[in-house]
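Derivation of every value follows stated rules applied to the coordinates shown; laboratory data play no part. Source: prediction; values computed, not measured. Because the Cβ atoms are built from the backbone with ideal geometry, glycine has one as well, and the counts that use them run over all protein chains shown.
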Amino acid sequence: MSINKDVNQGRRNFVKTSAAVAAGGTILSSFPLTSFGARAQSELRVGLVGCGGRGTGAASEALKTSKSVKLVALGETFEDRLSGAYSQLKSTFGNQVEVPESNKFIGFDAYQKVIEKCDVVILATPPPFRPQHFEAAVKADKHVFIEKPLFVDIPGYHKVMVTNELAKQKQLKVAVGLQLRFETGYQQMVEKINNGAIGDITSLNVYYNVGAPKIHPRQPEQTEMNFQVRNWRYFTWLWGGQLAGQAIHQIDVINWLMNDFPVTVNGLGGRQVFSGPNQGNTYDHHYAEFEYANKIKLHVQCRNIDNNWNKNGFHIQGTTGYADDKSRIYDPSGNIVWRYRNRDETIGSSQRCQSNFINSVLENKPLNQVEYGAKSTLATVMGRMAIHSGKVIDIDQALASKRSILPKEFHWDAEMPDMPGADGNYEIPMPGKTEVL
Amino acid sequence: MKYLILSICIAFSFSALGQSFDNYEEVLNLGSKRESFKMVAIPGGQFDMGSPESEGNRKTDEGPVHRVRIDSLWMGQFEMTWELFEFYQNKDLNQEETELTEAVQLKVDAISRPSPPFEDPSLGMGKEGFPVVNISPYAALTFCKWLSTVTGHLYRLPTEAEWEYACRAGSKTAFHFGEDISQLDDYAVYFDNSNGQYAKVGTKKANPWGLYDMHGNVAEWTLDLYEDQFYSKYADKVADNPWNTPYVLHPRVYRGGSWDDDPEDLRSAARMKSGLNLQRGDPQVPKSFWWYTNSEFIGFRVVRSYKELTQSEIRKFWAKVLDE
């Protein structure tokens, strides 16, 4: 159970570090620090790897943070996505976007070329590529904004953690796109709960019941890799499953509240409505029961099925009341006793999360969110392992796993671990049979 | 300034009408589903729009009080509820089941529909009988176009002036029932009595013209651009069906206050303006133009002009409001 100790130390250290900086800020900044990571930036050259809706959103939020931010390079596997992102950002931000044709990179190696061109890189591709991209960025001394989830399997977790040690040594700023930690209402709510507003916490629930991801039907000229990357939310190796891809936001809020991460998980799930090759091999509904070291359980239900009851949020039950994702605290009968009320806020948590990152780089303030980003991702990967195998997954067991679910190589003609069978369908995980460790 | 010129009146041409002017229920037979909503006949007339400086909690954008002429119209008795909106959102209409003509069917098929919302737009507050929220004015108007095409009647959002005329229902007081805030609980769902969520439509008393929830429950989108000085251009004349035509996404006017508002924002004259705060939770670029992530307190109700528009005018109207 070493993970919990790490976390607690991380927390304590973070508090100490912040206090030291606050007290000695002027002294620190008067030193001519030579390490790249510790130098304050006047103009910031940003590169974006992964030009989908979220990547474009993250770049846009970086550009909004400060006029000194310039977008200088774009990387993508699909040309149409890259040009879409470019025209969107160029039309909004004008000369803050200076990406000549020579800085638009297409292909699985685009990340390396983007990293060369910038000071700060935003990693927003599907998650299996993230450990490799993060490693390359840190080796090249770049500050990094990493979208969630951080990886999809255990080897990915270890690579991210090892890379992060190097990032810390180099004093690079590393942020993670788990923006709900920047939701003002949640910050106040978490503080109130920590101060006893609902008594002792007795149980925790997370919901992520939403519709099915968009399908991009197979085109005759597509290779298998091309088809799978286009439909990345339908392939476990590309999405990490729904716990990692979506429910991670709320699971991370609970981890933040608990100031800890789950140590064991069991679960169940299946594929009731998804069917056929176009919907790959992911499950469409999941339940996971996580347990923290203090024996409190977190129940997560999530679903990707259209026209169902949908809920995206959490419920925190305490002995004298409960709290929910609307930044509210209720008495046991459901009457609101506290709510966060600031409707006129124009800045969302996603913008705050990105601005905090960019400002940390510009002002040379320490920032590293990988610890909680990786451990919340780990919880979701453990959850998927439990659901696919039908077994209880313990954290020590999970961390010992060497099993990779990724293709050996990333290129359009790569040999794929998940290939359609004779009937065109992919192999679906079978609890009781499927090996995950 | 250019946008001042853009403010025009909705010009309706009289056609031989012969249609009765009564309350009615619009019934849609949508295959296996039957949906309906009630429309209240509101005779045209003149009224004083805005609030006097003497009104408590009054804001400067509510003045000057000026005379406005409104043409006869029907207005939804209730705020539009989820059932019909979701039908538009989710389902392909089947021509054989709905008895639509082929020509109408083709038109209906050509109307775009919202992208699937990322999360439940009702936020768990309830669907059947509850008002639609978290949608953009574009989504509300595209729904109106769909509804108009299916029914053959031109449904749209009210102008800001039409909304206030209907809300006041002849009153000149802060609320349509008078000035006494202690009565507000009888007429409105608002911050103090909502327990943090909207209610089913029509749970409180109606206004003198039979319209429910004009104060509170959900605030309501109008057709207008928000401009704080808009009333001043009518200071010394009668405004004839004024409409401040939008040319930007924000700010647009929504009215009536909501379950999330305090009494002063529920007043008949109170004006609210949209902004990026309504979309702040949307992390994508471009942000959805169908769903507003943080407008769980704004819905809409439809109106229909008594005077009918020609086909060409109808086309121009949709082109203008939907930027087609």
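Points worth noting:
- For segment A:226-313, the alpha carbon positions stretch 43, 28, 20 Å along the principal axes, listed from largest to smallest.
- Each DSSP beta bridge with both residues in chain A is either parallel or antiparallel, and the antiparallel ones are about 55%.
- Each of A:THR346 and A:GLN188 was given a label point 7 Å from its Cα along the Cα-to-Cβ line. The distance between the two points is 2.1 nm.
- For B:THR81, the amide hydrogen comes within under 5 Å of the amide hydrogens of B:VAL132, counting only partners 5 or more places away or on other chains and with H modelled in the peptide plane.
- Under the criterion of Cα pairs below 8 Å and six or more residues apart, the relative contact order for segment B:2-322 equals 26 percent.
- Going from the fewest other Cβ atoms within 10 Å to the most, the residues A:SER60, A:SER333 appear in the order A:SER333, A:SER60.
- Within chain B, helix-based [θ] at 222 nm, where runs of 4 or more DSSP H residues each add -39,500 (n - 2.57), nearest 500: -5500 deg cm²/dmol
- With the helix formula -39500 (n - 2.57) applied to DSSP H stretches of n ≥ 4, chain A reaches a computed 222 nm mean residue ellipticity of -11500 deg cm²/dmol.
- Largest GNM mean-square fluctuation across B:GLN279, B:GLN229, B:GLN46, computed for chain B with C-alpha springs under 10 Å, falls on B:GLN229.
- Per-peptide average of other Cβ atoms within 10 Å, ordering B:25-34, B:208-217 highest first: B:208-217, B:25-34
- Counting Cβ atoms of other protein chains within 10 Å of each Cβ in A:305-315 and taking the mean gives 3.
- The peptide list A:47-53, B:143-149, put in order of mean Cβ contacts within 10 Å with the highest first, becomes A:47-53, B:143-149.
- Cβ crowding within 10 Å ranks B:ASP282, B:ASP185 as B:ASP185, B:ASP282, fewest other Cβ atoms first.
- Rg and Dmax of chain A, based on Cα coordinates, read 21.6, 68 Å.
- Cα centroid of segment B:254-312 to Cα centroid of segment A:164-191, whole Å: 34 Å
- Full extension of the chain between B:LYS172 and B:SER115 yields a length gain of 16.3 nm, computed as 0.36 nm times the residue separation minus the alpha carbon distance.
- The simple Förster model, with R0 at 30 Å and r as the Cβ-Cβ distance, assigns A:TRP412 and A:SER102 a FRET efficiency of 0.85.
- When its C-alpha radius of gyration is set against 2.2 N^0.38 Å (N residues), segment B:2-322 gives a value of 0.95.
- Compared with the alpha-carbon gap, the fully stretched path from B:GLN229 to B:HIS250 is longer by 6.0 nm at 0.36 nm per residue.
- This ranking places B:GLU227, B:GLU35 by how few other beta-carbon atoms lie within 10 Å of each, fewest first, which gives B:GLU35, B:GLU227.
- Stokes-Einstein diffusion for the protein assembly as shown at 37 °C, viscosity 0.692 mPa s, with a Kirkwood radius from C-alpha pairs, works out to 116 µm²/s.
- Using a Förster distance of 41 Å, the FRET efficiency for B:TYR306-A:ASP80 (Cβ separation, nearest 0.05): 0.25
- Residues of segment B:101-126 with amide N under 16 Å of the 7 Å Cα→Cβ point at A:ASN278: B:116
- Evaluated with a Cβ-only charge set (Lys, Arg +1; Asp, Glu -1), the protein assembly as shown carries a dipole of roughly 1840 debye about its Cα centre, given to the nearest 20.
- Across peptide B:283-290, the average count of Cβ atoms from other chains found within 10 Å of a residue's Cβ is 6.
- With the charge dipole of the protein assembly as shown set up from +1 on Lys and Arg Cβ and -1 on Asp and Glu Cβ about the Cα centre, the Cα lying farthest toward the positive end among the listed residues B:PRO246, A:VAL120, B:VAL218 is that of A:VAL120.
- Counting only DSSP beta bridges whose two residues both lie in the protein assembly as shown, roughly 65 percent are antiparallel.
- Here the contact order of chain A, divided by its residue count and restricted to Cα pairs under 8 Å and six or more residues apart, works out to 19 percent.
- Förster radius 41 Å - calculated FRET efficiency between B:HIS153 and B:SER54, Cβ distance, rounded to 0.05: 0.50
- From phi via Karplus (6.51, -1.76, 1.60), per-residue ³J(HN,Hα) for segment B:247-255 in Hz, x at Gly/Pro: 10, 9, 5, 10, x, 10, 8, 10, 10
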